[in-house]
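The values are calculated or read from the model by the stated rules, or taken from the named source; none is laboratory data. On a predicted model such as this, the values are computed, not experimentally measured, just so you know. Here the Cβ is made from the backbone with ideal geometry for all residues, glycine too, and neighbour counts use every protein chain on show. When the accessible area is computed, the model is the full protein with side chains, heavy atoms only, and any ligands, DNA or RNA have been set aside. Shrake-Rupley method; radii C 1.70, N 1.55, O 1.52, S 1.80 Å.
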Amino acid sequence: EIKALITGKPFKKIFTNRIDEVGVLAHFFNDVTRNIERISVDIAEGKRMSKELSVGAEIQKRIIPKEFTPIPGIKFFGNTRPASEVSGDSFDVIQAENGNSYIYTGDVTGHGVPAALIMMIVNTLMRTFSEIYANGYDVIVNTNRILKQRIEPRRFMTCVLLRWNVNEQKLYYTGAGHEHILIYHKREGACEVKQTGGIALGMVADITKIVKEEAIPLEKGDFVVLYSDGITEARNMEGQMFGITRLKQAVEQYASTSTPEELFANISKDFGLYVGEQFQEDDITLIAVQMA
């Protein structure tokens with residue numbers, strides 16, 4: 001049996017009552033084979049889980065927009081990078097039939113499979129309610145109403161939703177406990193850091209009195225930058241965070257001469273140089289929207 005084990009052939013446990021060297025060897029053999037069986041089960045389970053994660057990651061890739069249909073009056077570009085196989089960060093660009101276009105980003109607590117499931121639920125709800133309601137307030141309130149009924153209490157998703165009204169040529173935002181938004185005013189060459197307000201989706205059942213939609217006064221060439229805390233809380237090799245100040249400075253440095261895609265690329269370059277080879281601990285999302 002030992003020869004069979006060594007050569008990779010089928011083997012059986014050794015049963016003996018002997019207490020001499022042969023008995024000791026038999027006990028050792030049986031103990032080794034038990035561990036091999038456990039490892040084999042773990043490997044099989046690991047392969048199954050890896051396959052399921054790959055399927056989940058592929059579904060998420062299909063949800064996250066890769067190409068952007070032009071929207072009259074604005075230009076935009078964005079992307080997300082997960083910290084693991086699947087992501088709790090989300091963003092989407094939705095062109096509704098009611099004259100509104102929506103751009104949002106969200107960040108679920110934690111990352112991995114549970115966060116990814118919530119991300120996909122929110123993505124579906126956002127797309128559904130953007131066709132039903134005519135403003136960001138109602139989209140956020142009703143997304144929260146349905147989401148709260150379907151997730152465990154300790155899970156929630158911060159979010160900020162932009163609404164571009166093509167007829168008015170105005171941009172609005174509705175915050176749900178997310179990070180700040182950065183508003184770059186080309187005329188002054190300065191970037192405003194604005195709190196989004198509100199409360200995270202899934203924390204309380206009724207947020208009708210907590211969230212609100214507000215207009216963002218913009219001129220041609222101005223930018224609005226959305227991000228997740230995977231950027232501002234990322235650390236370099238010395239343990240220092242990238243922070244909101246560095247992000248603001250990067251926007252001010254590049255925005256005046258950049259398209260949304262160029263601004264995205266330049267910020268990403270500075271971010272990459274700062275964090276270096278440091279392990280990515282959280283999902284990362286960045287979106288740049290420019291008044292055309």
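Beta carbons within 10 angstrom, averaged per residue: use that to sort the peptides 178-186, 157-165, 275-283, highest first. Please list the in-between numbers first.
Numbers: 178-186: 21.3, 157-165: 25.2, 275-283: 14.2.
Ranked by mean Cβ neighbours within 10 Å, highest first: 157-165, 178-186, 275-283.
Apply the a/c threshold of 1.5 to the C-alpha gyration tensor of segment 145-292 and tell me whether it is rounded, prolate or oblate. Before the final figure, lay out each step's value.
Working: a/c = 2.42, a/b = 1.13, b/c = 2.13.
Since a/c reaches 1.5 but b/c is at least a/b, the shape of segment 145-292 is classed as oblate.
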Worksheet, complete the sentence: Length gained, Ser268-Ala205, 0.36 nm per residue minus C-alpha separation, equals 19.0 nm
Worksheet item: Which three extents, in whole angstrom, do the alpha-carbon atoms of segment 174-230 cover along their principal axes, largest first?
Response: 42, 26, 12
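Only sites in a loop by DSSP and with at most 10 other Cβ atoms within 10 Å count here; which GluC sites (Glu not before Pro) in segment 203-242 make the cut? Don't skip to the answer; put the middle values down first.
Values: sites: Glu213, Glu214, Glu219, Glu233, Glu238; in loops: Glu219, Glu233, Glu238.
Passing sites in segment 203-242 are Glu219, Glu238.
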Worksheet item: Measuring from label point to label point, each 7 Å out along Cα→Cβ, what is the Ala190 to Gln253 span in nm?
Response: 2.1
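Largest first, what is the accessible-area ranking of Thr245, Thr208 with a 1.4 Å probe? Could you put the intermediate results ahead of the total?
Working: Thr245 85, Thr208 55 Å².
Of Thr245, Thr208, the descending order of accessible area is Thr245, Thr208.
In nm, what is the difference between 0.36 nm times the number of residues separating Lys75 and Thr109 and their Cα-Cα distance? Could the numbers behind the result be given before it?
On the way: separation 34, 0.36 × 34 = 12.24 nm, distance 2.96 nm.
Full extension from Lys75 to Thr109 adds 9.3 nm.
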Worksheet, complete the sentence: In segment 119-164 the accessible area split gives carbon plus sulfur, as whole percent at 1.4 Å, a share of 54
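Over 22 Å between Cα atoms: which of Lys75/Lys186; Lys248/Lys269; Lys170/Lys269 fall into that group?
Lys170/Lys269
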Item to complete: Mind grabbing the accessible area of Arg81 for me, 1.4 Å probe, Å², rounded to tens?
Response: 130
Response to the item:
Residues other than His178 with Cβ under 10 Å of its Cβ, Lys/Arg counted +1 and Asp/Glu -1, net out at -3
Discussion item. Using a probe radius of 1.4 Å on heavy atoms only, what accessible surface per residue do you get for segment 96-201? Whole Å² is fine.
Written reply: 41
Fill in: Space enclosed by the convex hull of the alpha-carbon atoms of segment 213-272, per residue, Å³
99
